[in-house]
Amino acid sequence: MFYPSGEMPQRANLATVELSGPIVDSKDILEKIQKVKEDEYIKGVLFVVNSPGGAVAPSVEIAYAIKELKEIKPVVAYASGIMASGGYYASIWSDKIIANPGGMIGSIGVIFQSFNIEELITKIGIQTQTQKIGKYKESGTPFREWNDYEKDEINKVISQTYDMFVSDVSLARGLDPKNHESFADAHIFTSMGAKEVGLIDEVGTLSMAQGEIIKLSGVSDPIWTKEDKFEKFMEKLMQSTIQSVVKYFGSNLKSISDL
């Protein structure tokens with residue numbers, strides 16, 4: 001393809017990666033992170049987050065993908081609205097975290113929820129039949145009240161997951177894990193409150209976050225990647241669907257791996 005003199009399109013040198021809505025799967029965002037990681041023309045990445053969290057495994061996957069990306073090129077995370085639980089976890093290894101003045105940050109905790117429908121199924125004449133090998137195989141069952149040892153088993157996993165969460169946040173943000181009750185313990189902070197306890201670096205606007213990644217990347221003529229409008233539409237459609245399903249089914253979708 002030929003271009004008139006002086007009209008040769010310039011390559012983008014800065015990229016934006018967005019994390020929006022509940023974190024259910026990490027495949028798509030990991031692919032985007034890998035793409036900007038491998039693009040030698042991209043000198044810095046703005047990681048824009050508006051997520052209440054979600055499943056543990058994909059949140060951790062995203063967090064460590066950002067950590068690996070940061071080793072190659074600077075990353076600034078920006079909380080455009082909610083950066084909570086797994087959404088915060090995903091952001092912790094960024095070079096800097098900046099939050100919108102109206103943002104909500106934190107909720108560093110782990111939850112397990114389920115129904116007890118024993119009385120309901122008894123009323124409608126349904127009986128469950130179970131054969132199992134392994135004492136703890138029915139831990140979390142919705143068909144009866146949990147035994148004490150099953151509650152202990154669930155609490156064990158929740159505690160271990162919480163300890164991992166606190167450990168990673170402490171290491172990434174330079175915080176003392178012994179003080180986890182001040183910055184974790186599922187506290188929800190305003191952006192200013194999050195800055196006071198060390199969860200973020202600055203409170204500011206999107207343009208401030210963009211300016212920070214421009215400075216860290218050292219580009220003199222910033223050119224941002226252009227988003228694919230169809231891809232953006234499909235992402236919003238998918239996120240809307242996920243949010244509707246989560247809202248409709250509520251806690252029944254929650255599992256032992258929810259942040």
Residue, surrounded by the fewest Cβ atoms within 10 Å (Cβ to Cβ), within the range 35-55, restricted to residues that are out of contact with any strand residue (DSSP E or B) (no Cβ under 7 Å at 6 or more places or on another chain) and in contact (Cβ under 8 Å) with a residue 12 or more places away in the chain: Tyr41
Residue that is nearest to the chain's Cα centre (by Cα), among those in the range 80-98 that are surrounded by 24 or more Cβ atoms within 10 Å (Cβ to Cβ) and closer than 13 Å to Ile188 by Cβ: Gly87
Given (1) of a type outside the set (Phe, Trp, Tyr); (2) touching a residue at least 60 places away in the same chain (Cβ under 8 Å); (3) surrounded by fewer than 22 Cβ atoms within 10 Å (Cβ to Cβ), index of the condition Gly134 fails: (2)
Residue match in the range 164-171 (condition: out of contact with any Pro (no Cβ under 9 Å at 6 or more places or on another chain) and either of a type in the set (Gly, Ala, Ser) or farther than 15 Å from Val110 by Cβ (or both)): no
Residue, farthest from the chain's Cα centre (by Cα), within the range 171-193, restricted to residues that are surrounded by fewer than 18 Cβ atoms within 10 Å (Cβ to Cβ) and part of a strand (DSSP E or B): Thr190
Residue that is farthest from Glu31 (Cα to Cα) [pool: residues in the range 68-79 that are surrounded by fewer than 20 Cβ atoms within 10 Å (Cβ to Cβ) and either of a type in the set (Asp, Glu) or touching a residue at least 60 places away in the same chain (Cβ under 8 Å) (or both)]: Glu71
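Just give me the residues in the range 173-189 being within 20 Å of Gly54 (Cα to Cα) and not charged (D, E, K, R), in sequence order. Outline the logic, then answer.
Step one: filter the range 173-189 for residues within 20 Å of Gly54 (Cα to Cα), giving 183-189.
Correct list: Phe183, Ala184, Ala186, His187, Ile188, Phe189.
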Test result for Glu145, in a loop (DSSP other than H, G, I, E, B) and of a type in the set (Asp, Glu): yes
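Each reported figure results from applying straightforward, stated rules to the coordinates on display, with no laboratory input. It should be emphasised that the depicted structure is a prediction, and the values quoted were computed from it without experimental measurement. Here the Cβ is made from the backbone with ideal geometry for all residues, glycine too, and neighbour counts use every protein chain on show.
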